[in-house]
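Working notes, beginning with the structure itself.
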Amino acid sequence: MMDELAAVAERVASTNSRLEKVRYVAEYLRALGDEDLPRALRFLSGRPFAPGDPRRLAVGHVSLREAVIAASGWDPETVRLCIREVGDIGEAIGLLMHGKTENRPLTLAEAERLYGELARARRAEQKETLLRDCFLNYRPLTLKYFVKVITGDLRIGLQQKMLEEAVAAATGASPALVRQAIHRTGDLAETALA
């Protein structure tokens, strides 16, 4: 579930301890099946698609802002002020959508499908409509991280090396072996599955 990923990301962001960050992520990864593991690792890396995938989201801050205005009912000036004060559009959208969503759960597979739809959408209006519908449906905390993956920066203090260590801890492999495998495959998710 993307909801669980968001909860883990919040826990990771709440600590300065490198070991705790790795432990939180490893516990989360250990519980995932083979289909969700690659998705979770991509999203935790701030990427909606696998390395080498030619798709690009090309979703700008204007589209995100227009979608949250349409979904939340907040006036444009309040939305602009909130985004500026918070300093992170994903976090701002999560805050602006409190009490305004259907609070539905979002699976990792559904998040992946939505990213694919956003990548296929060519016009800004199409992207804004997709985002508005998404913002109206899912939980605010989940939306925060859904948007952070779009912008490519989770801003939770989770470095790639920590993700590698979490994969090692989750799978029982040594961090050196995981790093060596990543150098061969070029893909942390593929390495984790192997």
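Computed from label points 7 Å out along Cα-Cβ, the spacing between Lys161 and Leu177 is 2.2 nm. For Arg56 and Thr15, a Förster radius of 30 Å and the Cβ-Cβ distance give a FRET efficiency of 0.40, rounded to the nearest 0.05. Measuring nothing but alpha carbons in the chain and taking Rh as the Kirkwood radius, the Rg to Rh ratio lands at 0.98.
Under 14 Å of direct C-alpha separation, and excluding same-chain neighbours fewer than eight residues apart, Lys127 reaches these aspartates and glutamates: Glu66, Glu117.
For the range 1-78 versus the range 123-194, the inter-centroid distance based on Cα atoms is 6 Å. Phi angles across the range 53-64 convert, under the Karplus curve 6.51 cos²θ - 1.76 cosθ + 1.60 with θ = phi - 60°, into 3J(HN,Hα) values of 6, x, 5, 10, 6, 6, 10, x, 4, 5, 5, 4 Hz, Gly and Pro given as x.
Ignoring ligands, DNA and RNA, what percent of the 1.4 Å accessible area of the range 7-63 is carbon and sulfur? Whole-percent figure for carbon plus sulfur exposure: 51. Solvent-accessible surface of the chain, taken per residue with a 1.4 Å probe and all protein chains present: 49 Å². Do any trypsin sites (Lys or Arg not before Pro) in the range 1-84 lie in a loop, going by DSSP, with at most 11 other beta-carbon atoms within 10 Å of their beta carbon, and if so which? Answer by residue number: Arg56. The angle separating the long axis of helix 175-185 from the principal Cα axis of greatest extent in the chain is about 70 degrees. With respect to the chain, whose longest principal axis is taken over its alpha-carbon atoms, helix 18-30 is tilted by about 90°.
Take the alpha carbon gyration tensor of the range 53-158, find the square roots of its eigenvalues, order them as a ≥ b ≥ c, and report rounded if a/c is under 1.5; if not, report prolate when a/b exceeds b/c, else oblate.
rounded
Taking Cα atoms only, the orientation of helix 108-120 departs from the longest principal axis of the chain by about 60 degrees. Put a dot 7 Å past the Cα of Gln126, heading toward its Cβ, do the same for Glu85, and the two dots end up 3.6 nm apart.
Just to be sure I follow the definition: excluding the sites themselves, where is the longest run in the chain that has none of the GluC sites (Glu not before Pro) in a DSSP loop with at most 14 other Cβ atoms within 10 Å?
By the stated rule (loop sites, at most 14 other Cβ atoms within 10 Å), 103-194.
Averaging the sequence gap over all C-alpha pairs within less than 8 Å and six or more residues apart, then dividing by the number of residues, gives the range 146-194 a relative contact order of 24 percent.
Remark: the range 35-42, residue by residue, has Karplus-estimated 3J(HN,Hα) of 6, 7, 4, x, 4, 4, 5, 4 Hz, where x stands for each Gly or Pro and the curve is 6.51 cos²θ - 1.76 cosθ + 1.60 at θ = phi - 60°.
The values are calculated or read from the model by the stated rules, or taken from the named source; none is laboratory data. Computed from a predicted model, the values in this text were never measured in an experiment. Every residue, glycine among them, receives a Cβ derived from its backbone with ideal geometry; neighbour counts consider all protein chains shown. Side chains are part of the model used for accessible areas, which takes the heavy atoms of the whole protein and leaves out ligands, DNA and RNA. Shrake-Rupley method; radii C 1.70, N 1.55, O 1.52, S 1.80 Å.
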